[in-house]
Amino acid sequence: MAAKMHYGLNLANVKKLACEYAITNKKKYPSQWDKKKEAGDNWLRCFRNRHSASLSLRKPEGTSLARSMSFNKETVEAFFKAYKSALAKGKFEPSRIYNVDETGITTVQHPPKILAPKGVKQIGGMTSAEKGVLVTMICCINAAGNTVPPLFVFPRANFKNHMLKGASVRAIGAANKSGWSNEDVFFKYLQHFISHVKPTIEDKVILLLDNHESHVLIPTIDLAKRSGVILVTFHPHTSHRMQPLDVCVYGPFKTYYSSAVSNSMNTPGNAGKPITIYDVAELANTAYLKAFTPSNITKRFQVSGLYPLNSDIFGEQGFLPSNVTDRTDPSLSKASSQIKPLSSNETSVITAAVSPQTMSPSLNVSLSELENQPSSSDITVPPRSSDNSMTKAENTPSTSTGGLFL
């Protein structure tokens, strides 16, 4: 349970917990445990052997507090509500449901594991430089397992066609001095997406994406609306569980990319030759063909609950990390503390007041009289007055940054 809440126990924690449990519950345990106030290594070894079918030692993936807090039941329900509203706009086959996202790749790879002699304390792996140069790649997939050719953002003032040497067929490029995507780059990619997918007002497509500001500017929304693209954004800090590209497409891609870079540097004739941004597109294409397979893509849409639609895909245990930060509403706790319990005399007075014997005759309405009352459809509701009688909730704009843009 602790591991599911992102606060898992390491081996030292398990030994201390076992010792505390034995002491608290007055269980028999070896006297050696008292020395360090923890269980011994032999007990830990036997414990792991007994539970080997259900427990294993794993390295957890770092998850920020913001992600753990944001991925909760309320935000997931709000997203699926917007997603279902988009699905209600037409009949969407899996080939008409897309996901787009950016990822960063650099000229410096993570060296793979190698065979090396024992007894050597440090083993090196050749890389191009101490720090790599960033190139951003924008990719798009659909629930049928197909892809849209990627866009590469190179860290230059102007884009040149030779930067795409060896890239996948019909891939395009752009330039930005930082190497990151921005509103102009994404607008260009949306035009590229529309030219390939060819949506229309009569035959729309759904495009799922995160809520970065470059994705939801007015020109982008207008272009999508004119072209028949329904934009549905994920809520902040939830894409690691809900976005197919983030869930398990970009991970294998970067592993294959690092392997491709290492293989290129180890190729005869390339020894001592650094990897530059002009090699990135070709190396990325090698990894792209291995990671962006139809089976891998369709599986990611399924485990995210996007296709087939399953808004309960995560279950209650999926939201356990967010429960750690739950707090009682201060206004509710203050109000409840001000409520005083009724005395026995006050209770008897109220009971007598609402008893049938003391009820006013004007309140005794027969069933026939109720049946003759006008239905709710016959009742005319007076128009809202022009004063400021609107409630605070109606006056307050929505603070949600994930939602539906038509």
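For a label point 7 Å from the Cα of ILE201 along Cα→C-beta, name the residues of the range 211-232 whose backbone N is under 19 Å from it.
Within reach of a label on ILE201: 219-231.
On full extension of the chain, what length is gained from ASP41 through TYR278, given 0.36 nm per residue of separation minus the C-alpha to C-alpha distance? Please list the in-between numbers first.
Numbers: separation 237, 0.36 × 237 = 85.32 nm, distance 5.30 nm.
So the chain would gain 80.0 nm between ASP41 and TYR278.
Can you sort ASP326, ASP246, ASP312 by 1.4 Å-probe accessible area, starting with the largest? Display every interim value, and only then the final one.
Numbers: ASP326 95, ASP246 60, ASP312 125 Å².
Highest to lowest solvent-accessible surface, that is ASP312, ASP326, ASP246.
Dividing the Cα radius of gyration by the Kirkwood radius, what Rg/Rh value follows for the range 124-194?
Numbers: Rg = 13.9 Å, Rh = 13.4 Å.
Using Cα coordinates only, the ratio equals 1.03.
With every protein chain kept in place and ligands, DNA and RNA left out, what is the accessible area per residue of the range 162-277? Probe 1.4 Å, answer in Å².
On the way: 5400 Å² over 116 residues.
Computed with neighbouring chains in place, this is 47 Å² per residue.
Using 0.36 nm per residue of separation minus the Cα-Cα distance, give me the extension gain between ILE123 and ASP34 in nm, one decimal.
Values: separation 89, 0.36 × 89 = 32.04 nm, distance 4.06 nm.
Length gained between ILE123 and ASP34: 28.0 nm.
Roughly how many nanometres apart are two label points built 7 Å out from the Cα toward the Cβ at LYS131 and HIS240?
Placing both labels 7 Å beyond Cα along the Cβ direction yields 2.4 nm.
Taking the range 82-200 on its own, what percent of its Cα-Cα pair distances exceed 17 Å?
On the way: 4688 of 7021 pairs.
Summing the P(r) tail past 17 Å for the range 82-200 gives 67 percent.
How many percent of the accessible area of the range 150-199 is carbon or sulfur, using a 1.4 Å probe? It would help to have the intermediate numbers written out before the result.
Working: 1300 of 2540 Å².
About 51 percent, which is the carbon plus sulfur part of the accessible surface.
Please give, to one decimal in nm, the separation of the simple spin-label points placed at ALA12 and VAL324, each 7 Å out from Cα toward the Cβ.
Label-label distance for ALA12 and VAL324, simple model: 1.8 nm.
For the range 1-146, what ratio Rg/Rh do Cα atoms give with a Kirkwood hydrodynamic radius?
Details: Rg = 24.8 Å, Rh = 21.9 Å.
Checking Rg against Rh, the ratio lands at 1.13.
Any idea which of ALA82, CYS46, ALA129 is furthest toward the positive side of the dipole for the range 11-156, if Lys and Arg beta-carbons carry +1 and Asp and Glu beta-carbons -1?
Farthest towards the positive end: CYS46.
For the range 187-303, what is the Kirkwood hydrodynamic radius in Å, using each pair of distinct C-alpha atoms? Walk me through the intermediate numbers first.
Details: mean 1/r = 0.0598 Å⁻¹.
Taking every pair of different Cα atoms in the range 187-303, averaging 1/r and inverting gives 16.7 Å.
Give a quick list of GluC sites (Glu not before Pro) in the range 195-287 that DSSP marks as loop, anything other than H, G, I, E or B, with at most 14 other Cβ atoms within 10 Å.
Numbers: sites: GLU202, GLU213, GLU282; in loops: GLU202.
For GluC sites (Glu not before Pro) across the range 195-287 that sit outside H, G, I, E and B with at most 14 neighbouring Cβ atoms in 10 Å, the list reads GLU202.
Return the carbon/sulfur percentage of the accessible area of the range 29-148, one whole number, probe 1.4 Å, all protein chains in place.
Details: 4270 of 8090 Å².
Carbon and sulfur together cover 53 percent of it.
Quick check for you: with a 1.4 Å probe and neighbouring chains kept, what is the accessible area per residue of the range 1-150, in Å²? List each step's numbers first, then the result.
Working: 10410 Å² over 150 residues.
Spelled out: the 1.4 Å probe surface of the range 1-150, per residue, equals 69 Å².
Loop-only GluC sites (Glu not before Pro) in the range 51-155, please: DSSP not H, G, I, E or B, and at most 13 other Cβ atoms within 10 Å.
Numbers: sites: GLU61, GLU74, GLU77, GLU102, GLU130; in loops: GLU61, GLU130.
Those that pass, being in a loop and sparsely packed, are GLU61, GLU130.
Among the trypsin sites (Lys or Arg not before Pro) in the range 158-189, which ones are in a DSSP loop with at most 13 other Cβ atoms within 10 Å of the Cβ? Mind listing them?
Hits after loop and neighbour filter: LYS160, LYS165, ARG170, LYS177.
A 20 angstrom limit on the alpha carbon distance is what I want to check against. Which of LYS188/LYS225; LYS4/LYS26; LYS59/LYS299; LYS91/LYS204 exceed it?
Where the Cα-Cα span goes over 20 Å, the pairs concerned are LYS4/LYS26; LYS59/LYS299.
What is the dipole size for the range 35-162, taken about its Cα centre, with +1 at each Lys and Arg Cβ and -1 at each Asp and Glu Cβ, in debye to the nearest 20? Intermediate results must be reported in sequence, preceding the final value.
On the way: 21 positive and 9 negative charges, 125 e Å.
Once rounded to the nearest 20, the dipole reads 600 debye.
If each residue of separation counts as 0.36 nm, what is the full-extension length gain between LYS160 and HIS212 once their alpha-carbon separation is subtracted?
On the way: separation 52, 0.36 × 52 = 18.72 nm, distance 2.69 nm.
Result: 16.0 nm gained on full extension.
Please list the equivalent ellipsoid semi-axes of the range 162-248, computed as the square roots of five times the alpha-carbon gyration tensor eigenvalues, in descending order and whole angstrom. Can you show the working numbers first?
Working: eigenvalues 90, 69, 41 Å².
Working from the Cα gyration tensor, I get semi-axes of 21, 19, 14 Å.
The values are calculated or read from the model by the stated rules, or taken from the named source; none is laboratory data. What you are looking at is a predicted structure, and each value in this text was computed from that prediction instead of being measured. Neighbour counts are summed over all protein chains in view; Cβ atoms, including those assigned to glycine, are modelled from backbone coordinates with ideal geometry. These area figures cover heavy atoms from the full protein model, side chains too; ligands, DNA and RNA do not enter into them. Shrake-Rupley method; radii C 1.70, N 1.55, O 1.52, S 1.80 Å.
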